[in-house]
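J.: Below you will find the structure I want to go over with you.
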Amino acid sequence: MAGVPLTRNADQIAYWNGPGGQRWADRQRMQDELLQPVSTFLLDRAKAMPGERIIDVGCGCGATTRAFAERVGASGYVLGIDISAPMLERAKQIAPKNASVEFLLADATVYPFEPARFDLVASRFGVMFFDEPVASFANLRQALRPGGRLAFICWREPRLNPWLMVPLQAVYNHVPKLPEVGPEDPGPFAFASEARVHRILGAAGFSDVAMEAYDLTLDISVGGGIEAAVKSALQLGPASRAIEGQPVEVIAAAANSIREALAPFASGQTVVLPASIWIVTARNL
């Protein structure tokens, strides 16, 4: 893909520039609404101030980039970086024309950021997919001024995130299980281990690493009722990966199983399930 070096994170680059990335771009509005509570936590912990310069890593369709731009104002600057061309295209389409933002198609692991020019590196679920996380965070740290801050959100372990695992377990009634992901492999739960996050950030040169666990609930239907929740599970997340390439009749059967599994969580037009995140902060000292 032009503009994205393939020397690192090649598998992720391929996925997020294929149908997977396009589905996220197409569902931008719903995903932004679904994850709004998480974005609020990130903005609170990041403590962005007017005039600051921020890198938003794995910015996707730009929800957090736009929110940070509101915080830093006209005197600040926010760089949203991502490897997904479809999602960045959507981000550019909906960004306010006068916002102090720029979107960059690049791999944060290897991109030559200008040294010591940023006050904050932040991310909402954009850092768990690095093939070489120590190298990635070390590269990002070089972009921070002395005393600069790191703030990101990642998922805790799968058992604490039924909103993802309930649909996946339902799908497994019809398709083989996804390949087992090792504790050091990229993926949505790659930073579930508190010890591993501390080890990675320490090796990358960060200090004052702190992790706060936070339990919340997410309406995976985004107010659209159980059919919207089923559609969401079929299009995004681990359940969607498990059924990718399956025949129509298998997908239909999987959808029925997801519907049955989600029924106990449905109330009116909502389908609310538990979720759990880490809020990680650190400094470049």
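The values are calculated or read from the model by the stated rules, or taken from the named source; none is laboratory data. All values reported here derive from a predicted model rather than from experimental measurement. Here Cβ is always computed from backbone atoms with ideal geometry, including for glycine, and neighbour counts include all displayed protein chains. Note: areas computed on protein heavy atoms with side chains; ligands, DNA, RNA excluded. Shrake-Rupley method; radii C 1.70, N 1.55, O 1.52, S 1.80 Å.
J.: Setting aside same-chain residues fewer than 8 positions from Lys177, which lysines have a Cα under 28 Å from its Cα?
T.: Lys231
J.: Would you mind telling me the share, in percent, of accessible area of the chain contributed by carbon and sulfur at probe 1.4 angstrom?
T.: On the way: 6710 of 12320 Å².
Accessible surface attributable to carbon and sulfur in the chain totals 54 percent.
J.: Along the charge dipole of the chain, Cβ charges K/R +1 and D/E -1, which of Ser136, Trp24, Gln246 sits furthest on the positive end?
T.: Checked the options; the winner is Ser136.
J.: What lysines does Lys97 reach when the alpha-carbon gap must be under 28 Å and sequence neighbours fewer than 8 apart in one chain are set aside?
T.: Cα-Cα hits under 28 Å: Lys47.
J.: How large is the helix-only mean residue ellipticity at 222 nm for the chain, computed as the sum of -39500 (n - 2.57) over DSSP H runs with n ≥ 4, divided by its residue count, in deg cm²/dmol to the nearest 500?
T.: On the way: 12 runs with 114 residues, N = 285.
Calculated from helices alone, the mean residue ellipticity at 222 nm is -11500 deg cm²/dmol.
J.: Between the stretch 57-84 and the stretch 122-195, what is the separation of their alpha carbon centroids in Å?
T.: So the two Cα centres are separated by 20 Å.
J.: Still on this structure: Could you work out the mean projected area of the convex hull around the alpha carbons of the stretch 190-285, in square nanometres to one decimal?
T.: On the way: hull surface 32.4 nm².
Over all viewing directions, the stretch 190-285 projects a mean Cα-hull area of 8.1 nm².
J.: Return a whole-number percent for the relative contact order of the stretch 71-218, with Cα pairs under 8 Å and 6 or more residues apart as the contact set.
T.: Values: 167 pairs, mean separation 31.0, N = 148.
Computed value for the stretch 71-218: 21 percent relative contact order.
J.: Amide H of Cys154: which non-local residues (sequence gap of 5 or more, or other chain) have their own amide H closer than 5 Å, using H built in the peptide plane?
T.: Long-range HN contacts for Cys154: Trp278, Val280.
J.: Over the chain, with the other protein chains present, what is the accessible area per residue in square angstrom, probe 1.4 angstrom?
T.: Details: 12320 Å² over 285 residues.
Ligands and nucleic acids excluded, the figure is 43 Å² per residue.
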